[in-house]
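One structure coming up, written as structure tokens, with questions to follow.
Read the figures in this text as sums done on the coordinates, not as results from a lab. No experiment lies behind these values; they were computed from the predicted model shown. We place every Cβ from the backbone using ideal geometry, glycine too, and count neighbours over all the protein chains shown.
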Amino acid sequence: MNGVGFYENDSVIEACEEYLKVLEIMENHFDVEKLTGHKAKFMGLTYTRLGALFSDLFIIKPAIYLGQQALFYCKIAPTSKYSISKNLYKLGQLYDILNETDTASYYYNEALKSLPDSNSLIYRDIASSAALLSYELGYGLQPSLKQLFNVANQAKSDDEFLTRHFTIGSLYFEEGIYDSAALYLNQVFEYEDNKIRKQQSADYLFRICQISHDTINSDKYSNFLAQNALSNYENSFKTSILDELFKNYLNKKSQNFQIKKVIPTGIVFSVVALVVLAASVALLLVKKYNKLNKEHHRNIETLKKAKYREKTKMLDTIKEQEAIVYALEHELGQKRQEADTLMDALLKEPVCQKIINSVATVNISSRDSYADYPHLKLDESSIIDLYAAVDKHFPTFKQRLLLQFPQLKQKDILLCYLGLIGMEYQQISVLIQYHYTTIFRKVGIWEKSLDNDATFLEFLQKTAVL
């Protein structure tokens, strides 16, 4: 099945054409409603993959049809022990998007009932979605939050942890508790690889900034959303083609069904009449198919040309911007080299090597408590040596830091010095024995006062080399 290869290479349109071709072949050669065994499993897999193509691009109604077909075959021949639950869950999500909450709730409950266990990722996914829907149905904030936090505490990976944070942040956003929403969504925006969740987090955070009149961070999120506008345009292009392909598939399927329905009516035709009827139907089908095929290819060509023109225009703009960037980078090259030399010299200082090595082999998570690592706390002599090393290589760093943030206390300055030598917030938490969330909030407040889109750690390095 070539569709799998196309899908994995992000050739969505070609994959869709291949999957639909497979379905047409199966429907033309077998009574698909009576398939069992490997044939039924094959149909289930094909419908599942095809449904994923449409749901990923938010083409909801075709995705629901394909999901129902996948479920039909999975009940006959399950493709895995979770396949029925996964299909029920996917249908629940699709109806959830359409805001058909009663139907979505039904599918979520059915998905939970069909699960063979309650300690799997799919169980936690369903429970999380069901908790969010429960809030939307008016059952209150606290019961839903309790369920979401319970699921989040069972997360088995950083990716899953971020997924749970996104759901919790979304719930806080819907409730209008924007400080809590920003706390969770910021982590998703900074560390999430999933494009859809990252963009949705940016959208929520942008709206929170608009509400709180935070123009600095508002620009940061709006710039990110603008940079991803091209992929959204490409998705709309794919959506229109996939929608057309699906309509053509349904039309052909409907025609084939009508032909099968007409032939066994029990009416006795003469041999001549049968031949004439068959020839007429065949001729009509050929004409109809040719017409649809021509229209389909004409539409694809029109869309391809429009995409090509748009891409050419964007490439010209990109080339102009690249020329400007190249000139600026050439001008700044020498300054960067000098800054790198100074930073390398600082990092080679014995005290910096000692601090870096102390945490290099320790896997510290943002969920860990600093109290679990008392042996990593910096002693007084190391703190004094660190201050001396930074002041030696960057003598104006502290002064510039206090000009920007005059309210900084001694422990805040130590935090900044550790950030300058490349320590992450989780590592800083155990080195100075401070709660990670406290550091995260402090840095968030400081970042809001910056007049650019740089993170606080980027700001520290730029301040040092000025």
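May I ask which of 39/253; 377/462; 198/354 have a Cα-Cα span longer than 29 Å here?
On the way: 39/253 19 Å; 377/462 27 Å; 198/354 36 Å.
Exceeds cut-off: 198/354.
Whole-Hz ³J(HN,Hα) for each residue in the range 95-108, computed from phi via Karplus 6.51 cos²θ - 1.76 cosθ + 1.60 with θ = phi - 60°, x for glycine and proline: what do you get?
Calculated HN-Hα couplings, in order: 5, 4, 4, 6, 6, 8, 5, 5, 5, 4, 4, 4, 5, 4 Hz.
Okay, next question. So how many Å³ per residue does the convex hull of the Cα atoms of the range 2-228 work out to? Present the calculation step by step, with values, prior to reporting the outcome.
On the way: hull volume 30.2 nm³, N = 227.
Dividing the Cα hull volume of the range 2-228 by its residues yields 133 Å³.
To the nearest 20 debye, what charge dipole does the range 350-466 have about its Cα centre, counting +1 at the Cβ of each Lys and Arg and -1 at the Cβ of each Asp and Glu?
180 debye
Right, something else. State, in angstrom, two size descriptors of the range 346-466 derived from its alpha carbons: Rg to one decimal place and Dmax to the nearest whole number.
When restricted to the Cα atoms of the range 346-466, Rg and Dmax are 13.8, 38 Å.
Measure out, as a whole number of angstrom, how far apart the alpha-carbon centroids of the range 96-131 and the range 372-388 sit.
49 Å
Related question: Per residue of the range 354-361, what does 6.51 cos²θ - 1.76 cosθ + 1.60 with θ = phi - 60° give for ³J(HN,Hα)? Whole Hz please, x for Gly and Pro, Karplus curve as stated.
Each residue's phi maps through the Karplus curve to give 5, 5, 4, 5, 5, 10, 4, 9 Hz.
Only loop residues by DSSP count here, and only those with at most 16 other Cβ atoms within 10 Å; note down the chymotrypsin sites (Phe, Trp or Tyr not before Pro) in the range 93-181 that meet that.
139
Output ³J(HN,Hα) for the range 370-375: one whole-Hz value per residue in order, computed from phi by the Karplus curve 6.51 cos²θ - 1.76 cosθ + 1.60 with θ = phi - 60°, and x for Gly and Pro.
Whole-Hz 3J(HN,Hα) from phi for the range 370-375: 4, 5, 6, 10, x, 6.
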